[in-house]
Amino acid sequence: MNFIKAKGIISSFIFRLDLYRTNINRQELIQFPNLKSCSDANGLIPEDKILIFTDHILQLKNDMKSRFQDLLELQICNWILDPISFESVKDLEPHLQMEFIDLKHDCEAQLVFKQVGYELTWIKLKDNYPQLWQQVKLLLLSFPSTYLVEKGFSVVVQLLMKQRNRLDICNKGDLRLALTNIKPDIVTLAATHQAQGSH
């Protein structure tokens, strides 16, 4: 998942909510089979119930728009997704124009874009077009926080197994130690301590 895909998914979901509201108002409940099964003998839902459902969907839409406002306002340039078809080179920032012209006329790059798509192509071309890559890489980065949260939950589950349920993982440093990327240098640590002498 990257920012480009996430924007598409969130935008699509928000527009679906508008469609759902419209369809519920018209008593067209194809997207809501359980709600359809609750309708009366005529196949209709009472107006007061319809109002509750549509208000809830509107609240959900507003909540989604406020939570993902920064993602929804993100401007994704067409040249990132399909540089081969992009024609407005003069609209690019001046420091990108020369590299972009080279990319646009790079036959190998055109072939790679067609075969593997924009994500893998940009990763393969990052060394050939470093200034363009600087603009693109932030949009292609996946969401690192999701990974870190999932890793943290997994570590907590491991630390707080049934046999170790009395551990105080926050204050004792066990969680920090399990989540760190720092590798201990055991040889140096052992060399700084004197072995216990004989008694």
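Between a first residue in segment 1-18 that is under 27 Å from Gln135 (Cβ atoms) and in contact (Cβ under 8 Å) with a residue 24 or more places away in the chain and a second residue that is acidic (Asp, Glu) and open to solvent by 40 Å² or more (accessible area, probe 1.4 Å), which pairs have beta carbons less than 8 Å apart while being 6 or more apart in sequence or on different chains? From segment 1-18, the pairs are Asn2/Glu119. Entry remark, segment 67-80: residues being open to solvent by 70 Å² or more (accessible area, probe 1.4 Å) and within 23 Å of Cys107 (Cβ to Cβ) number 1 in total. Checked against (1) open to solvent by 90 Å² or more (accessible area, probe 1.4 Å); (2) more than 30 Å from Asp91 (Cβ to Cβ); (3) at pLDDT 90 or above; (4) of a type outside the set (Val, Ile, Thr), Met64 passes all but a single condition, namely (1). As a summary of the residue check, His199 satisfies the conditions (1) at pLDDT below 70; (2) in a helix (DSSP H, G or I); (3) not polar (S, T, N, Q) except for the one numbered (2). If the condition is being under 10 Å from Ile57 (Cα atoms) and among the aromatic types (Phe, Trp, Tyr), then segment 10-33 contributes only Tyr20. Considering only residues that are modelled with pLDDT of 70 or more, part of a loop (DSSP other than H, G, I, E, B) and not β-branched (Val, Ile, Thr), look in segment 166-186 and name the one that is surrounded by the fewest Cβ atoms within 10 Å (Cβ to Cβ). Applying the filter and picking the extreme gives Asn181. Residue check: is Phe113 open to solvent by less than 70 Å² (accessible area, probe 1.4 Å), modelled with pLDDT under 85 and among the hydrophobic types (A, V, I, L, M, F, W, C)? Criteria not met by Phe113.
The values are calculated or read from the model by the stated rules, or taken from the named source; none is laboratory data. A quick note: this is a predicted structure, and the numbers were derived from the prediction, not measured. A quick note on method: Cβ atoms are made from the backbone with ideal geometry, for glycine too, and the neighbour counts reach across all protein chains shown. Heads up: the accessible areas ignore ligands, DNA and RNA and are worked out on the full protein's heavy atoms, side chains in. Shrake-Rupley method; radii C 1.70, N 1.55, O 1.52, S 1.80 Å.
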